[in-house]
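The values are calculated or read from the model by the stated rules, or taken from the named source; none is laboratory data. Source: prediction; values computed, not measured. Here the Cβ positions follow ideal geometry from the backbone for every residue, glycine too, while neighbour counts run over all protein chains shown. Just the protein is used for accessible areas: all its heavy atoms, side chains included, with ligands, DNA and RNA removed. Shrake-Rupley method; radii C 1.70, N 1.55, O 1.52, S 1.80 Å.
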Amino acid sequence: MNKFFNQILKFKDKLALFGILALATVLRFYNLDFQSIWVDEIHTMVEVNSLLSYSEFYEITVRREQMPHLYYLIARLFSFLFGDLVVVVRSVSVIAGVLSVYGAFLLGKEIYSRKVGLIASLFLAINHFHIYYSQEARPYALLMLFTIFSFLFLLKFLNKQSLKQGMLFALFSGLMINTHFFGLFVLVSQAVILILYLFVIIPKKDRIAFLKKCVLIGVALMVLFSPSIPILLKISDINTFWIKPPSKIFYKSMFYNFFGNSEFLIYIAELLLVIYFLRVLNEKNKSDRISANKVIHSFIILIIWVFITFMIPYIRTHASVPMLINRYFISVLPAMILIVAIGFSLIKSKLVKLIICSVFVIASFVDLFIVKDYYNTVTKTQFREVTKEVQIKNKNNDPIVYRKSWHMEHFFADSTELINSKLDNYLDKIKIQNKKYESFWAIGAHSRPFKVTKANSQFLEKNFYLVEDINYHDCWARYYLAKNHKKVTSINLNQFSPSLIKRKIGFLIRSNLTASSKKMFLKKGSYRLAVLTKSKPEEPINNENAHVNISLNGKRLGGFFTNSEKIETTLFEFDIDKGQEVEFQITFDNDVFDHKRDRDLIINKMFIEKLEK
């Protein structure tokens, strides 16, 4: 009868695990392509392009990445098999993320109990930090996967002292350190655990045999790691790095980050941590074998795992080069989840357990879907959106200026000229060239808002029309159409009839009317009219801004809706068949007054340029 009930319980656990894995899969695959790839993912997409030869792939990856190549080889294989698509490469991390949830179950089961494994897998399945990096085309999800299985087989090896389990431990540890060099810190923690076992836990009569197996594991690890040693030696000479010095509460912030910076989740996690550590402090080891006491044994494994992995980079950061960044420590997240899960399992009341688990799960979903609105809120640099708009609007295939032009190789065809330069440097260069200026696009991104020196700002205003000013999350693009300033004539807005209201930003038109410029003589030829406008108020009324029609001698050249957030330039080209006097008309035709708000039109500047054709 007991056997029958055990089978039923195991079936329920399997069913629960299947549900958790299904949930983890949905949460990681859903809206996988919603976010644009950001700068680090651009690195990945360029480097794993299946059209590169292996030598090109190796050379580029060594030069641009300060980490081993295993992840990039796997991502490159996926690109080769399924296409060079962002969703394909991100799928590598999704698969690693889902397998990590399964690994958390196995590791929890091995270190404590089957129930702990289920709770750990559930908590990891709905963990925002893990979901985020399971949807990113970078190696962090894979690092976590191999870390989990490395510890799983380390525990199996310590329990059974089987060489087979030891070799599996060596295999997954080798995969871990070939995925990211932060895996080396985890490996040091595992070495400390092995040393502790050798001198404290293993009986004296078994120590020689245990040591021999450890040596074989070490040899296997060296062989597995040998392809990455040259890269490690290369980056060991680095004495400056892009990572900034950490704050004094870095690890506290990282712990909060692990639980989504959600107050509910942080409070519950801290409560369960306290329960776990109180149990450890009050635990009496009644057995001669420490490994037989699950509370003490799990504490030894998990605290060494966390402490060593945290402490080594912390020391190196303050001794030489900053290297503390949250995502690098994803290999510690499983240990944190396991401590929380064990703390949960130590609660004796089933009702209290049900309440805490329910609160944790509900709070996780509320944080993910309501507070963060994770699947609908843009958080990554919108390279995809800004470059797509540039592609559509770059009808003349003008060159594109970007500080690292190879980033743009992923988005633009080979026929587009990509200029590798900061915008200020590019402008300084073209100013001293004795040739006609060319129109160009400038793109900026990754916490670099548009900014040029005062001299270059004046140079741009004098020699270019700002025709396009595109802005997305954490990136922008501007199109500068070259003009011949020697053939540009300003149209005096003071001389329009009826008179316009002068303001600091330009001339104001407050009601529907047509205003005409003073007559001017134009010779036969082709011309370009530039009109710089803005709409008021900043918040559009009835989702509509001021609308303008531009006419020449009563003949309409065109119309447009103005922008309420910034001054925009609109261009009109026309021909004059024979020399004649002309006047321009501006018609504001959609004035409205609504709830104390009045729609107005601002004319900032108008000028005309004779074109050379």
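If the reach is capped at under 14 angstrom between alpha carbons, list the aspartates and glutamates near Lys393, excluding any in the same chain fewer than eight residues apart.
Excluding near neighbours in sequence, the set is Glu385, Glu468, Asp469.
Grab the eigenvalues of the alpha-carbon gyration tensor for region 483-563, scale each by 5, take roots, and send me the semi-axes largest first in whole angstrom. Working shown, then result.
Values: eigenvalues 122, 44, 39 Å².
Taking √(5λ) for each Cα gyration eigenvalue gives 25, 15, 14 Å.
Calculate for the chain the 222 nm mean residue ellipticity that helices alone would give, adding -39,500 (n - 2.57) per DSSP H run of length 4 or more and normalising by residue count, nearest 500 deg cm²/dmol.
Mean residue ellipticity, 222 nm, calculated: -16000 deg cm²/dmol.
Heavy atoms of the protein only, probe of 1.4 Å, neighbouring chains included. What is the accessible area of Val280 in Å², nearest 10?
20 Å²
Long-range amide H contacts for Leu557: which residues qualify at under 5 Å (H placed 1.01 Å from N, peptide plane, sequence gap of 5 or more or a different chain)?
It is Ile550, Ser551, Leu552, by chain and number.
Express in % the proportion of alpha carbon pairs of region 61-101 at distances exceeding 15 Å.
I get 47 percent for the Cα pairs in region 61-101 exceeding 15 Å.
Kindly give Rg over Rh for region 205-339, based on alpha-carbon atoms, with the Kirkwood expression for the hydrodynamic radius.
A ratio of 1.04.
Which links in Lys462/Lys524; Lys483/Lys519; Lys14/Lys252; Lys388/Lys534; Lys156/Lys205 stretch past 29 Å when you go from one Cα to the other?
Lys14/Lys252
Please list, in order along region 506-515, the HN-Hα scalar couplings obtained from phi with the Karplus expression 6.51 cos²θ - 1.76 cosθ + 1.60 (θ = phi - 60°), rounded to whole Hz, x for Gly and Pro.
Each residue's phi maps through the Karplus curve to give x, 10, 9, 10, 9, 8, 4, 6, 10, 10 Hz.
Using a 1.4 angstrom probe on the protein heavy atoms only, could you order Val192, Val215, Val548 from most to least accessible area?
Ranked list, largest accessible area first: Val215, Val192, Val548.
Could you tell me, in Å, what Rg and Dmax come out for the Cα atoms of region 1-118?
For region 1-118, the Cα-based Rg and Dmax read 19.4, 64 Å.
Report the Cα centroid-to-centroid distance between region 564-607 and region 374-388 in angstrom, as an integer.
Region 564-607 and region 374-388 have Cα centres spaced 33 Å from each other.
Starting from the Kirkwood radius over alpha-carbon pairs of the chain, derive D by Stokes-Einstein at 37 °C in a medium of 0.692 mPa s and give it in µm² s⁻¹.
Rounded, D is 113 µm²/s.
Got a sec to turn the phi values of region 333-346 into Karplus ³J(HN,Hα) couplings, 6.51 cos²θ - 1.76 cosθ + 1.60 with θ = phi - 60°, whole Hz, x for Gly and Pro?
My calculation for region 333-346 gives 4, x, 5, 4, 5, 5, 4, 4, 5, 5, x, 4, 5, 6 Hz in order.
Using only the Cα atoms, work out Rg/Rh for region 437-502, with Rh taken as the Kirkwood radius, to two decimals.
We get a ratio of 1.10 for region 437-502.
Return the carbon/sulfur percentage of the accessible area of the chain, one whole number, probe 1.4 Å, all protein chains in place.
Percent of accessible area from carbon and sulfur atoms in the chain: 59.
Per the Cauchy relation, a quarter of the hull surface: what is the mean projected area of the convex hull of the alpha carbons in region 429-540, in nm²? Please list the in-between numbers first.
On the way: hull surface 41.2 nm².
Taking a quarter of the hull surface, the average projection is 10.3 nm².
Can you give the convex hull volume of the alpha carbon atoms of region 116-272 per residue, in Å³?
169 Å³
With N set to the residue count of region 185-278, report its C-alpha Rg divided by 2.2 N^0.38 Å to two decimal places.
Cα-based Rg divided by the globular estimate yields 1.63.
Heavy-atom accessible area per residue, region 136-262, 1.4 Å probe: how many Å²?
Computed with neighbouring chains in place, this is 46 Å² per residue.
Over the residues of region 378-503, compute the C-alpha Rg and express it relative to 2.2 N^0.38 Å. If you can, show how the numbers build up before the last one.
Working: Rg = 16.7 Å, N = 126, 2.2 N^0.38 = 13.8 Å.
Cα Rg divided by the expected 2.2 N^0.38 Å: 1.21.
Greater than 26 Å separation of Cα atoms is the criterion. Which listed pairs, Lys486/Lys578; Lys372/Lys596; Lys12/Lys348; Lys436/Lys536, meet it? Show your work: numbers first, answer last.
Numbers: Lys486/Lys578 22 Å; Lys372/Lys596 35 Å; Lys12/Lys348 21 Å; Lys436/Lys536 37 Å.
Check vs 26 Å cut-off fails for Lys372/Lys596; Lys436/Lys536.
In sequence order, what are the phi-derived ³J(HN,Hα) couplings for region 448-454 according to the Karplus relation 6.51 cos²θ - 1.76 cosθ + 1.60 with θ = phi - 60°, rounded to whole Hz, with x for glycine and proline?
In residue order, the calculated couplings are 10, x, 4, 6, 9, 5, 4 Hz.
How much of the DSSP bridge set in the chain is antiparallel, in percent, rounded to the nearest 5?
Looking only at bridges with both residues in the chain, the antiparallel portion is about 95 percent.
With every protein chain in place, what's the accessible area of Leu354 (1.4 Å probe, Å², nearest 10)?
That residue has around 110 Å² of solvent-accessible surface.
When the distances between all Cα atoms of region 113-164 are binned every 10 Å from zero, what whole-number percent does each bin get?
Bin by bin from 0 Å, the calculated values are 21, 42, 28, 10.
Please calculate the 1.4 Å probe accessible area of Asp589, with all protein chains present, and give it to the nearest 10 Å².
70 Å²
What number does region 325-411 give for Rg over Rh if you use C-alpha atoms and the Kirkwood radius?
1.27
Sorting check: for 429-439, 569-579, 129-139, which peptide has the highest mean count of neighbouring beta carbons within 10 Å, and how do the rest follow?
Per-residue Cβ counts within 10 Å, averaged per peptide and sorted highest first, yield 129-139, 569-579, 429-439.
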